[in-house]
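Here, each number is a calculation from the coordinates, and none is a lab measurement. The shown structure was predicted, so the numbers you read here are calculated from the model rather than taken from an experiment. Heads up, the Cβs are rebuilt from the backbone with ideal geometry, glycines too, and the neighbour counts pull from every protein chain shown.
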Amino acid sequence: MGEDQPRESRSIGSGPSAWDAALRLLGARARSRHEMHDRLVARGFTDDEVTSTLTRLDEYQLIDDTEFAHEWVRSRHAHSARGRHALRRELKAKGVADDIVVDALGTIDPDAEREIAYALADKKLTFDADELADPAIRAKAFRRLAGALGRRGYPPEMITSVVKDVITARRA
């Protein structure tokens, strides 16, 4: 190893250090503290190595659950059309604390969430106005769209409202 190599990126022994592994994980995408812990443990690092690496990540402000949660909500809501319920599940699965999850979800504008749900439902509605004149087809479209929005994590009251509006608009 050359002397010009930074101390943080040197690995001792045959494999990479926990610090190197953590930096590589963060290079791919931001991680929650819990997620980082689990990934390092899964790679076979000892509890002491994982704890010291997490402490060091904190010192350098490279890991922050609050920032992670806010960015996750912003990105997944805007680009993956995820609703509040799905985002809550995803953040909980990543080990983010309840108070941080609530705070991050509070940044979602309800009108913007409804617009995204509407756009998604409109895109997924495959029936034209003539087909939607048939009550059986309307019911089928309603079930399909409600299911699609439900899987994306939108609240039931929003699903009902949005699906009705999309079908009404298509029929007009």
Cβ pairs under 8 Å, 6+ apart, first in segment 104-121 and without any contact (Cβ under 8 Å) to a residue 40 or more places away in the chain, second surrounded by fewer than 16 Cβ atoms within 10 Å (Cβ to Cβ): 104/66; 107/74; 116/78
Among the listed residues 70, 85, identify the single one that is in contact with a Phe, Trp or Tyr (Cβ under 9 Å, 6 or more places away or on another chain) and either under 17 Å from residue 153 (Cα atoms) or not hydrophobic (A, V, I, L, M, F, W, C) (or both). 85
Looking at segment 30-51, can you tell me whether even one residue there is more than 30 Å from residue 165 (Cβ to Cβ), more than 21 Å from the chain's Cα centre (by Cα), β-branched (Val, Ile, Thr) and not in a helix (DSSP H, G or I)? yes
Subset of segment 91-125 that is in contact with a helix residue (DSSP H, G or I) (Cβ under 8 Å, 6 or more places away or on another chain) and assigned to a loop (DSSP other than H, G, I, E, B) - its residue that is surrounded by the most Cβ atoms within 10 Å (Cβ to Cβ): 96
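Condition check ((1) of a type outside the set (S, T, N, Q); (2) out of contact with any Gly (no Cβ under 8 Å at 6 or more places or on another chain); (3) more than 29 Å from residue 107 (Cβ to Cβ)) across all residues:
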{"site": "22", "(1), (2), (3)": "yes, yes, no"}
{"site": "26", "(1), (2), (3)": "yes, yes, no"}
{"site": "30", "(1), (2), (3)": "yes, yes, no"}
{"site": "41", "(1), (2), (3)": "yes, yes, yes"}
{"site": "53", "(1), (2), (3)": "no, yes, yes"}
{"site": "57", "(1), (2), (3)": "yes, yes, no"}
{"site": "62", "(1), (2), (3)": "yes, yes, no"}
{"site": "67", "(1), (2), (3)": "yes, yes, no"}
Given (1) touching a residue at least 60 places away in the same chain (Cβ under 8 Å); (2) within 25 Å of residue 35 (Cβ to Cβ), residue 158 misses just (2)
Can you go through 106, 153, 95, 83 and tell me which one is in contact with a Pro (Cβ under 9 Å, 6 or more places away or on another chain) and closer than 26 Å to residue 35 by Cα? 83
Just for segment 13-29: of the residues that are assigned to a helix (DSSP H, G or I) and small (Gly, Ala, Ser), which one is nearest to residue 75 (Cα to Cα)? 28
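Looking only at segment 149-172, how many residues end up being outside any helix (DSSP H, G or I) and crowded, with 18+ Cβ neighbours inside 10 Å?
Looking only at segment 149-172, we keep the residues that are outside any helix (DSSP H, G or I), and these are 152-155, 172.
Now narrow it down to the ones that are crowded, with 18+ Cβ neighbours inside 10 Å: 152-154.
Result for segment 149-172: 3.
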